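The structure's right below; bear with me while I get my questions together.
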Amino acid sequence: AAFSGTDRTIADYLLAEMLERQAPDVRQLLLRTSVLERVNGPLADLLTDSEGSQKILEQLEDANAFVVSLDPGRTWFRYHHLFGDLLRLELRRTAAVGAISELHRRAAGWFVQNGYAVEAIRHSQEAEDWQLAARLLVDHALGLALDGEESTVHDLLQRFPAAMLEDDPELIVVCAADQIAQGALHEADEYLALAESKAGAISSGRRSRLDVALAVARMSLARRRGDFSDVIQQVDVLARPAEIRSAAQVALGSELRALALMNLGIVEVWSLRVDDAKAHLREGAATARRIGRPYVEVGCLEIGRASCRERV
């Protein structure tokens with residue numbers, strides 16, 4: 001476990017045999033992209049202010065230079081963990097003040113533009129751009145949960161300063177959802193109450209999103225408690241028609257519908273409303289299939305089959 005690229009003997013070997021033998025442009029690429037868990041040509045070009053990074057990465061892999069492709073098309077690459085440790089150590093030693101944070105900011109921007117939310121959040125956190133990291137997590141937390149990535153959300157939350165998790169209403173709701181996922185229902189209730197008490201600080205442009213997030217969390221909490229009436233109340237909130245301004249809002253509406261139908265079906269099973277439950281779970285599965293949310297689709301189908309069979 002202690003064997004790493006930061007060990008003095010290993011670092012000296014890798015410096016002498018690998019890094020110092022490379023051309024200056026290759027060394028620059030390796031050092032600057034060492035902040036990444038995976039790298040591709042366009043992203044490396046951005047971090048090095050150059051072109052031709054894809055060819056360099058392919059040549060390094062061909063030379064068995066501690067660079068490994070992650071897909072058959074050789075689009076993404078990663079560095080061997082020992083080599084990556086060394087590169088990050090050397091980057092910290094040689095980089096100018098603020099340079100590493102700037103690399104993380106650039107990486108975060110690229111990942112945002114290319115639809116890689118989790119990596120964008122992580123690099124924003126590394127750059128200590130907490131406001132951007134918070135907005136990204138708030139905007140993508142529901143989608144991550146719908147894909148079964150609650151543990152990823154939990155990990156991302158742990159990286160925020162404690163003060164942000166107490167002051168930002170939208171981030172507090174994400175904390176509440178995280179507590180629900182862990183079964184800490186009392187703590188989740190406290191987070192939701194705190195978020196509602198701070199809702200007045202939210203801009204009008206984001207207030208509707210906060211209201212939706214609160215309703216989703218309240219619905220999940222009520223379902224965990226078997227509170228049928230509260231689930232129905234929160235489903236009604238989510239079902240209210242809203243002004244549609246973009247394709248993203250259309251997609252969000254479909255996701256919320258699938259999630260609401262699944263939660264509604266679950267409490268109907270518990271309330272022995274088997275026929276209603278079957279209908280809502282089938283509709284939830286169909287909606288999830290249509291929008292490409294297999295985790296929710298499988299959940300609806302499995303609950304519908306197993307739970308209904310048990311109750312009958």
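Taking the Cβ-Cβ separation of Ser69 and Arg206 as r and a Förster radius of 45 Å, what is the calculated FRET efficiency to the nearest 0.05? Write down the numbers at each step before the final one.
Working: r = 41 Å, r/R0 = 0.91.
The value I calculate is 0.65.
Now for a separate question. With everything on Cα atoms, drop me the angle between helix 185-197 and the longest principal axis of the chain, reported from 0 to 90° to the nearest 10.
With rounding to tens, the tilt is 90 degrees.
Where does helix 81-94 land angle-wise versus the long Cα axis of the chain, in degrees 0 to 90, nearest 10?
70
Quick one: grab Rg to one decimal and Dmax as a whole number for the chain, Cα atoms only, in Å.
Looking at the chain, its Cα Rg and Dmax stand at 23.6, 71 Å.
Simple spin-label model, 7 Å along Cα-to-Cβ: Asp62 to Val97 in nm?
So the two model labels end up 4.3 nm from each other.
Which Cα, out of Val67, Ala288, Ala201, lies furthest along the positive dipole direction of the chain (beta carbon charges, K/R +1, D/E -1)?
Result: Ala288.
Counting Lys and Arg as +1 and Asp and Glu as -1, each charge on the Cβ, what is the dipole of the chain about the Cα centre in debye, to the nearest 20? Working shown, then result.
Numbers: 36 positive and 47 negative charges, 141 e Å.
Dipole magnitude for the chain comes out near 680 debye.
Compute the accessible area per residue over the chain, keeping the other protein chains in place, probe 1.4 Å, unit Å². Don't jump to the answer; show the numbers that get you there.
Working: 16200 Å² over 312 residues.
In whole numbers, the chain has 52 Å² accessible per residue.
Let me ask you something else. How far is helix 274-290 tilted off the main Cα axis of the chain, in degrees rounded to 10, range 0 to 90?
For 274-290 against the chain, the angle is about 30 degrees.
With all protein chains present, how much of the accessible area of the chain (probe radius 1.4 Å) comes from carbon and sulfur, to the nearest whole percent? Mind dumping the intermediate values first?
Values: 8120 of 16200 Å².
It is 50 percent, rounded to a whole number.
Continuing with this model, one more query. For the range 86-188, build the charge dipole from Cβ charges (+1 Lys, Arg; -1 Asp, Glu) around the Cα centre, then report which of Val112, Gly183, Leu91 sits farthest towards its positive end.
Checked the options; the winner is Leu91.
In addition: Would you mind giving the average projected area, over all directions, of the Cα convex hull of the range 76-174 in nm² with one decimal?
Values: hull surface 29.5 nm².
The orientation-averaged projected area of the Cα hull of the range 76-174 comes to 7.4 nm².
The values are calculated or read from the model by the stated rules, or taken from the named source; none is laboratory data. Remember, predicted model here, so these are calculated numbers, not experimental data. Here the Cβ is made from the backbone with ideal geometry for all residues, glycine too, and neighbour counts use every protein chain on show. Ligands, DNA and RNA are stripped out before the accessible areas are found, and what is left, the full protein with its side chains, is counted by its heavy atoms. Shrake-Rupley method; radii C 1.70, N 1.55, O 1.52, S 1.80 Å.
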